[in-house]
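Student: The structure follows.
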Amino acid sequence: MGVTLLEIAVQDVAGAVLAAGLGADRLELCAALAATGGLTPSIGLLDAVVAALPSRVGVHVLVRPRAGSFRYTADEVDVQVRDVRAAVAAGAAGVVVGALTPAGDVDRTTVARLVEAADGREVTFHRALDTVPLLEAALDDLVALGVVRVLTSGGAARSIDGLDRLAATVAHGAGRLQVMAGGGVRPADVPALVRAGVDAVHLSASRHVDESGGPGGGSGGYTTTDAAIVSAAAEALGRR
């Protein structure tokens, strides 16, 4: 078994620098993570994060135009293609995408367009995979489309509860597709996920900041990267 990598989802420059400094091998850059599960970040943020990080840490950009289902209109697909191209031009090492048909299968046409727009950068298919009706068929489609890895919780709310399906995903994708466990991952879960054979573990590693923006600014506060959680995850993988 090879080295299991650590990916941290980040939403700002400070979080990206912190995660990289504490042992993250790869970052997923997104926006509105707690409120929506993640949306496409701004190009300004991506540009600043790429400039702030050592080259060894790849920045992979989440491309998701809205919350909700992964079934997209033609206009929404066009926006995602443009976002992928913009992310590549700004220095992203890869993109994180996902699209499904009305029947819930991989939307091969849309994913093919996004892979093409990525122009050779790594493409990860996100947790839309956790809702597909036929896992093995979906994995075969993604391999054929040129997707490098999948982010999955094994179909459960939390990855630690999806170990059987995670192991099955690893077995079916062996040598063809990297499998990254993500979804409610806590540092204490990491050893069991590693034993399931995944190539990487993915954590948001965040904490809530209760800070009101006043009238017009929202009152729910925001989330930011938690150094203690990143450190614990890195230690669980032998990074520290």
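The values are calculated or read from the model by the stated rules, or taken from the named source; none is laboratory data. Since we're looking at a predicted model, the values are computed, not measured. Don't worry about glycine lacking a Cβ; one is built from the backbone with ideal geometry, like all the others, and counts go over all protein chains shown.
Student: Give me the strands (runs of 3 or more DSSP E) completely within segment 134-240, filtered to those with at least 1 residues that are among the acidic types (Asp, Glu) and over 21 Å from Leu100 (Cβ atoms), ordered by residue number.
Tutor: none
Student: A further question follows. Output the helices (runs of 4 or more DSSP H) that fall wholly within segment 7-118 and possess 2 or more residues being closer than 24 Å to Asp141 by Cα and of a type in the set (A, V, I, L, M, F, W, C), or say none.
Tutor: Output list reads 74-89, 108-118.
Student: While we're looking at this one, here's another question. Any idea which of Ala233, Ala205, Ala200 is at pLDDT below 95 and buried (at least 19 other Cβ atoms within 10 Å of the Cβ)?
Tutor: Just one listed residue meets the conditions, Ala205.
Student: What do you reckon, is Gly21 free of Cβ contacts under 8 Å to residues at least 12 places away in the same chain and either surrounded by fewer than 21 Cβ atoms within 10 Å (Cβ to Cβ) or of a type in the set (A, V, I, L, M) (or both)?
Tutor: Judged against the criteria, Gly21 is a match.
Student: I need a count of the residues in segment 150-182 that are closer than 17 Å to Glu7 by Cα and either surrounded by fewer than 22 Cβ atoms within 10 Å (Cβ to Cβ) or modelled with pLDDT under 95 (or both).
Tutor: The total comes to 4.
Student: Could you list, in sequence order, all residues of segment 57-77 that are exposed (fewer than 15 other Cβ atoms within 10 Å of the Cβ) and touching a residue at least 12 places away in the same chain (Cβ under 8 Å)?
Tutor: Correct list: Arg66, Ala67, Ser69.
Student: Tell me whether segment 6-14 contains one or more residues that are exposed (fewer than 15 other Cβ atoms within 10 Å of the Cβ), of a type outside the set (Val, Ile, Thr) and closer than 14 Å to Thr224 by Cβ.
Tutor: There is at least one residue in segment 6-14 that is exposed (fewer than 15 other Cβ atoms within 10 Å of the Cβ), of a type outside the set (Val, Ile, Thr) and closer than 14 Å to Thr224 by Cβ.
Student: Do you know which residues across segment 131-149 are under 16 Å from Ala200 (Cβ atoms) and either surrounded by fewer than 16 Cβ atoms within 10 Å (Cβ to Cβ) or touching a residue at least 40 places away in the same chain (Cβ under 8 Å) (or both)?
Tutor: Val148, Arg149 - these are the residues of segment 131-149 that are under 16 Å from Ala200 (Cβ atoms) and either surrounded by fewer than 16 Cβ atoms within 10 Å (Cβ to Cβ) or touching a residue at least 40 places away in the same chain (Cβ under 8 Å) (or both).
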